[in-house]
Structures are given as structure tokens and as C-alpha cells.
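Contents: one structure, followed by commentary.
Please treat every number below as a calculation from the coordinates, not as lab data. Quantities reported herein were computed from a predicted structural model and do not represent experimental measurements. Cβ atoms come from the backbone with ideal geometry, glycine included; neighbour counts cover every protein chain shown.
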Amino acid sequence: MKYRDEYRTPEAARAYAEAITRITTRPWTLMEVCGGQTNAIVRFGIDQLLPEEITLIHGPGCPVCVTPIDYIDKALEIAATPGVVLCTFGDMLRVPGTQSDLAAARARGADVRVVYSPLEALAVAREHPDCEVVFFAVGFETTAPANAMAVYQAEREGLVNFSVLVSQVLVPPAIRALLERPGNRIQGFLAAGHVCTVTGYGEYEPIADQYRVPIVVTGFEPLDILEGVYRCISQLEQGEHRVENQYSRAVRRPGNQLAQQVMETVFQVVPRQWRGMGGIPESGLGLSPEYRTFDAEARFGEVSDREEVVGECASGAVLRGEIRPDQCPAFGTRCTPEQPLGVTMVSEEGACAAYYRYRRHAGGPSDE
Amino acid sequence: MSDIHCPVTVDGQDVVTMAHGGGGRATARLLDSLFRPAFDNPWLERQHDGAVLDMAGAMAFTTDSYVVRPLFFPGSDIGAMAVHGTVNDLAMCGAEPQYLSAGFILEEGLPLTTLRQVIDSMASAARKAGVRIVTGDLKVVERGKADGLYINTAGVGRIVAADPVEPGQVRSGDRVLLSGDIGRHGIAVMAAREKLDLESAIESDCASIASPVLALLHEGIAVRCLRDLTRGGLASGLVEVAETAGLAARIQEADIPVREDVSAVCELLGLDPLHVANEGRFMAVVAPEDVDRALAILRCHRVSKAAVEIGRFQEGRAGQVTAESLIGGTRIVDRLSGEQLPRIC
């Protein structure tokens with residue numbers, strides 16, 4: 001397949017790995033921000049090709065994983081309301097709320113529909129004028145433009161039975177929050193390529209400057225990630241800290257300005273709670289005052305803003321990159337995709353799920 | 001599937017009614033006008049409560065129920081699936097599929113034209129697979145209680161394999177052969193159900209795989225185990241066989257054929273082709289010395305003409321399947337957890 005297979009050739013992967021080994025003189029710790037990158041690293045065994053001095057730690061870039069439990073509970077409450085159709089992306093279905101999840105709610109009779117695009121939810125609203133149709137708008141800057149577009153369209157069409165439950169989050173404030181944490185170990189970042197196709201990477205430049213960390217905008221194929229690591233290590237070894245763009249076949253510095261415009265029209269920047277990371281100022285998007293009538297919270301009550309209760313699940317530490325999933329004592333024993341203690345074990349993009357799927361080695365803590 | 005030019009009617013009705021399931025005249029007329037002519041065999045002609053079969057020796061016996069939405073999808077339909085699925089399960093036991101039963105649960109309001117298409121498709125699939133549908137049942141449920149129709153088929157077949165064909169026979173060093181490209185059925189159905197607007201038409205691989213299997217057995221290939229790669233895909237097949245055999249398995253991802261369009265849809269939706277369902281694919285575990293001969297035999301049959309060797313069973317933790325990734329790393333291959341859900345971004 002074009003634009004994919006040429007980024008998966010074993011010879012080129014080995015050549016990159018050797019080049020990285022050649023330039024590495026001391027231990028370095030890098031974080032890949034996006035869950036898609038984590039998945040590729042674990043699935044293809046990219047970290048196995050790297051010299052042992054390099055530690056890759058997995059970041060908070062799984063939109064499902066960082067959505068606060070209060071939003072899941074709100075979605076469940078809305079779904080249970082008679083006359084409501086709740087539309088959601090597929091991977092939200094199994095995310096546990098306090099009592100239940102959306103898949104179980106659907107089994108008990110709630111009208112929960114999986115959509116592939118928020119515009120499909122809009123179509124459901126057009127077809128069912130007698131129902132309240134609520135779209136659960138979750139994700140990073142990648143999903144924000146399409147979600148904003150759905151609201152924008154609804155407003156233009158005067159679709160009064162459509163609303164969105166918004167839990168959109170932004171990457172740069174999360175990177176800042178990680179760097180501000182006491183005991184931070186992260187020395188360089190692989191930034192999420194797809195997020196930057198939308199936002200560009202100008203916003204990352206002050207972060208690289210202020211915290212003196214290299215940030216490499218990186219794609220998702222094995223060779224993209226290896227090149228991202230190479231560029232990051234190369235800067236670190238030379239004492240540099242710039243923003244570089246490895247994913248230049250998709251990302252330009254200004255990003256997608258049309259997408260940014262619709263986001264800015266419909267959304268405004270707000271503080272957000274992140275599961276595992278707590279409250280981060282200016283780290284989320286909420287509907288701007290002109291579009292507030294489409295806010296599901298205005299129709300069904302506000303989401304509570306409680307402190308997260310931390311139980312046995314160490315997903316917070318995993319999301320902050322403080323531990324590897326298989327270092328959690330519950331990993332693979334008391335916590336599996338079928339019986340998850342936390343969201344990082346549920347989501348396709350979650351680091352714990354990726355380790356569970358691809359990394360349960362013989363004799364490890366992960367035996368059945 | 002035969003061409004239908006005018007609506008099918010029975011007793012002036014063009015849809016299934018509750019009366020069709022009542023066991024009275026309407027039931028009889030539905031059976032006489034649609035089912036018996038399509039399946040056409042002496043057992044059904046006798047109109048007995050069951051079929052009397054003349055059999056001897058070891059037999060395989062299996063059953064499966066078929067629920068799929070939509071009923072028709074690119075490359076196949078629920079009727080052909082209901083025949084092929086059960087035929088293939090018999091073949092996987094090392095048996096020559098012979099007789100099937102068919103139980104139908106019809107939803108009130110189902111157009112008879114649709115029912116006719118499904119029945120014709122079953123009849124055609126059965127003819128091609130060399131099996132007879134010799135007994136059956138029919139029930140009607142109220143509108144809204146079923147997705148058009150559900151089918152259950154059970155089947156029996158004569159065992160032709162000299163040695164047992166089952167996971168317990170697999171030994172360390174045995175090789176894994178895959179009968180062709182994977183993932184087409186699951187993606188075809190998902191694309192049709194979710195109305196994914198794909199540029200390329202991905203057709204289900206739904207087919208009977210009995211003939212290449214029987215050929216392997218007749219030619220004396222040391223077939224240890226066979227597994228059709230339906231729900232759960234190749235990953236589940238490998239893990240289940242490895243668990244029962246008490247062995248580990250190792251495969252090379254680069255050797256697993258996946259069509260480019262299937263692979264592209266999987267990439268988009270975040271699905272692993274190894275987890276996607278097939279309806280006309282199987283893996284055969286054979287003794288290492290028989291690999292070349294087995295591949296040559298498989299490649300003579302249309303449904304397995306692209307057969308390849310993809311890996312081996314070996315000593316190790318029971319049920320652990322590892323894949324060598326395209327770039328040379330390794331990963332675990334596991335069963336799918338829960339249902340397949342497309343991802344956010």
C-alpha cells in the first residue's frame with residue numbers, strides 16, 4: 001500500500017536503528033505523546049531495535065483514557081433518559097463509568113449508536129426530529145474540527161434536537177504539565193503527527209525553548225517513529241532543543257487553517273480535568289457562548305467536577321509516563337481487557353492494552 | 001442466486017405472515033412452493049418428521065446459527081453462509097460433509113422475494129458443496145423480533161481422515177499453512193452494515209473449503225489439525241489450537257496475505273486483520289515433511305489457490321503465539337477482547 005509499505009521495510013528500520021545506536025553516547029528518555037504511536041511501537045517491536053540507553057515512555061495521548069469518569073457517568077445518565085439517542089465513537093463503548101459502561105447501557109435498552117463521524121450523528125438528528133440526539137465529542141485536536149463542524153452545521157440547519165457532550169482536550173498544555181511535574185524524566189518528545197496536521201507546530205516552539213527539550217513532530221509508521229527518535233537523540237547529543245518536523249508529508253508549520261477556523265468559531269479554550277493528570281488550565285475546548293445552546297450540559301445538567309478517586313489502578317502513573325504498564329502489580333492478573341481496572345486497559349490506544357495485547361512474555365508478571 | 005423478475009407470492013401474500021408459522025395450510029404451502037422445490041431431494045419429498053439416513057463408521061456432527069445484518073452483502077448472503085459455515089465445520093473435523101438440517105426463524109413482514117433469494121442461495125451453495133438439506137423447521141416471530149431471518153444449520157459427514165484431526169495431534173515443529181488472504185468477509189459485512197463508502201468493492205470470501213481439505217486427506221498428507229478462521233480470525237484460531245496442543249506458535253507477519261484494500265480499511269478503523277472474520281479461509285497444521293506437497297495440493301483448488309506457509313508450532317508456553325513483525329521486532333498475537341470497535345482517530 002502506497003504511503004505505508006515504504007515506511008515498514010525491515011532493511012531501512014535496521015539502518016535507522018544502527019544510526020541511532022551510533023550517535024547515542026548516554027542514556028536518554030523520550031516520550032511519544034500519542035497512543036497511536038505507542039501502539040505502533042509495541043506492535044512492531046520498535047523499542048526492541050533501539051539501544052538500551054534509550055527509554056521510550058508512553059504519553060497521555062489516548063483520548064479515551066484521559067476522559068474523566070464524570071463525563072462517562074454523564075453520558076450514561078443522558079443515554080438512560082427516555083427519548084434520547086446517544087451517538088459515540090466505538091471505543092467509548094467499553095470505557096467504565098462508576099457503575100457501568102455504554103455497551104452495558106445499550107444492552108439494557110438505551111439507544112446508544114456507534115458512529116464513524118460526528119456528521120452521522122447529525123444525520124440521526126435529522127431523521128429523528130422527535131428524539132434528542134446527543135453526540136459524545138471526545139478527543140484531541142484531531143477530532144475537534146469535525147466535531148466543531150457538526151455543531152456549526154446543526155446551527156445553520158436549525159437542528160434543535162442535536163447537542164454535544166464535549167470533552168475535547170489539547171496536547172500542548174498537557175506537555176507543559178508533564179514538564180512542570182516534580183521529578184520529570186522526559187528529555188525529548190515525539191509530538192503527535194496527526195494533531196499537528198490540524199494545529200501545525202508553532203505552538204510547540206515556545207515549549208521547546210522554555211523547557212529546553214527537543215520536540216519532533218512524528219508520524220505513526222515504524223520508520224517515522226525511528227526517524228523521530230533519531231532526530232530527537234541527535235538534538236539531545238548536540239545539546240540542542242528545537243521543534244523539528246519529521247512528518248512533513250502531512251504536516252506544515254501553520255497546520256490546517258480551515259480546520260482551525262471552524263474550531264475557533266465553535267469552541268473556546270477552557271480548563272479541563274484529565275483522568276490521571278488532574279486539572280490542567282487552558283487544556284480543553286468547550287462550546288463558545290454563541291453555540292452554547294448545543295451544549296448537552298445545558299440540556300441535561302452539568303458534569304460534576306470531582307477530584308478523581310484513585311483506587312488500585314495505576315493508570316495515572318502510566319499516563320504520566322512514570323511507570324510502564326507491565327510494572328503495575330495488577331497488570332495482566334487483576335487487570336485485563338475483559339476485567340479492566342482502568343481505561344488504559346480498555347482503549348485500543350491505551351498503553352496497558354497495547355502491552356497486554358503484544359507484550360506478555362513467558363514468565364512475566366502477565367501470565368494469565 | 002436466481003434472477004427474480006416478479007414478486008414472489010404464496011396464497012396472494014407477498015410477505016411472511018404469522019400464519020406461515022402456524023403449522024397449518026399456510027405453512028404447508030410456503031414449504032411446497034419455496035423450500036421443497038429449491039432443496040429438491042428424496043428425503044424432503046417423503047414429507048416425514050425427520051430424515052432417515054443410511055450411515056456407517058465414524059461421523060462428524062456440528063451445528064451453527066447464522067445472524068447477519070445486512071442479509072445480503074458483497075460476495076455472499078446469509079443463505080450461502082449458513083451452508084458454507086456448517087459444511088466447513090464438518091470439513092475441519094476431517095469429514096466429508098453429507099447432510100444438513102436447516103431451521104428458519106422468519107420475521108413477520110419479511111418479503112417472500114427476499115426469502116426466495118436466501119433459499120435459492122442456500123440451495124445453490126449446497127449443490128456446489130455436494131451436501132443435501134434433508135430436514136428442517138420453520139417458525140415465524142412478530143415484526144421487530146428478528147433481523148428479517150435467522151438460520152440454524154446442523155450437519156453430519158463421514159470421517160475420511162485416517163488419524164484424528166484435532167488440536168491435540170499437533171506436535172512441535174509442525175507447520176501452519178494458511179489457505180489464502182484474510183479479512184475480506186468481516187470487512188465486507190462491516191462496510192455493508194455501516195454503509196462505509198469504500199472506493200473498492202471488498203467481497204466476502206464466503207465459500208466451501210471442503211474440497212481442498214478432502215484432497216489433502218485423500219492424498220495422505222499428515223494433517224494434524226484444521227481450523228476455519230471465522231469469528232476471531234486467524235489470531236483466535238492459532239491461540240486456541242496452541243492452547244489445546246500445549247504448545248507455542250510463531251508466525252511471520254510478512255507471510256500473511258491481506259489484500260491491499262482490506263488492509264487499508266483495517267488501518268483506517270484501527271482493526272487488526274488477524275482478528276477479522278473469514279468465511280472461506282482455514283489453516284491447516286501439517287507435518288514439516290509434507291509442507292511442499294500440501295501447498296501444491298491446496299493451490300490446485302480455487303478457494304485455496306493462494307495458500308502459503310506462515311509459521312510453526314514449537315515448544316514454549318501453551319497458547320503463546322508470537323509474530324515476527326514486518327520490521328523484525330516481535331509481538332504477542334492474542335484473541336480479540338470483546339467486540340471489534342472502530343477507534344476515534
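Can you give the angle from 0 to 90° between the axis of helix A:144-157 and the longest principal axis of chain A, with both taken from C-alpha atoms, to the nearest 10? For helix A:144-157, the angle is close to 20 degrees. Counted over the range B:278-345 with a bin width of 10 Å, the fraction of Cα pairs per bin, in whole percents, is 14, 33, 38, 13, 2.
From largest to smallest, the equivalent ellipsoid semi-axes obtained for the range B:18-159 from the alpha-carbon gyration tensor read 25, 18, 12 Å. Computed across the range A:134-275, the Kirkwood hydrodynamic radius from all distinct Cα-Cα pairs reaches 16.4 Å. Convex hull of alpha carbon positions in chain B: directionally averaged projected area 18.8 nm². Seen against the Cα atoms of chain B and their longest principal axis, helix B:112-129 is set at about 50 degrees. Exposure proxy shown here: for A:Met345, A:Met149, A:Met31, A:Met1, the number of other Cβ atoms within 10 Å sets the order, fewest to most, as A:Met1, A:Met149, A:Met31, A:Met345. Built from the Cα atoms of chain A, the convex hull projects on average onto 18.6 nm², one quarter of its surface area.
Compared with the direct C-alpha span, the chain from B:Glu240 to B:Ser124 gains 38.5 nm at full extension, assuming 0.36 nm per residue.
Distance from the Cα centroid of the range A:257-294 to that of the range B:191-270 is 44 Å (rounded to whole angstrom). With R₀ fixed at 22 Å, the C-beta to C-beta distance from A:Glu77 to A:Leu179 puts the FRET efficiency at about 0.05.
From the convex hull of the Cα coordinates of the protein assembly as shown, what is the mean projected area in square nanometres?
Convex hull of Cα atoms, orientation-averaged projection: 33.0 nm².
For B:Glu203, no residue whose modelled amide H falls within less than 5 Å of its own remains once neighbours fewer than 5 places apart on the same chain are excluded. Shape analysis of the range B:167-333 yields a ratio of the Cα radius of gyration to the Kirkwood radius, Rg/Rh, of 0.97. Treating r as the C-beta distance of B:Val67 and A:Arg292 and R0 as 51 Å, the FRET efficiency rounds to 0.70. Extending 7 Å from Cα along the Cβ direction at B:Asp11 and again at A:Tyr116 yields two label points whose distance is 4.2 nm. Of interest is the spacing of the C-alpha centroids, which for the range A:8-80 and the range B:143-179 amounts to 39 Å. By the count of other C-beta atoms within 10 Å, a proxy for reagent exposure, B:Lys145, A:Lys2, B:Lys139 are ordered fewest to most as A:Lys2, B:Lys145, B:Lys139.
Rounded to the nearest Hz, the phi-derived 3J(HN,Hα) couplings of the range B:149-160 under the Karplus curve 6.51 cos²θ - 1.76 cosθ + 1.60 (θ = phi - 60°) are 7, 10, 10, 10, 10, 10, x, 10, x, 7, 6, 10, where x marks glycine and proline. Across the alpha-carbon atoms of the range A:277-344, the computed radius of gyration and Dmax are 16.8, 49 angstrom. For the pair B:Asp292 and A:Asp47, label points projected 7 Å from Cα toward Cβ lie 4.3 nm apart. Ellipsoid semi-axes for the range A:91-216, based on the Cα gyration tensor and the rule √(5λ), read 36, 19, 10 Å when sorted largest first. If one takes the longest principal axis of the Cα atoms in chain B, at what angle in degrees, from 0 to 90 and to the nearest 10, does the Cα axis of helix B:260-269 lie? Relative to chain B, helix B:260-269 is tipped by roughly 90 degrees.
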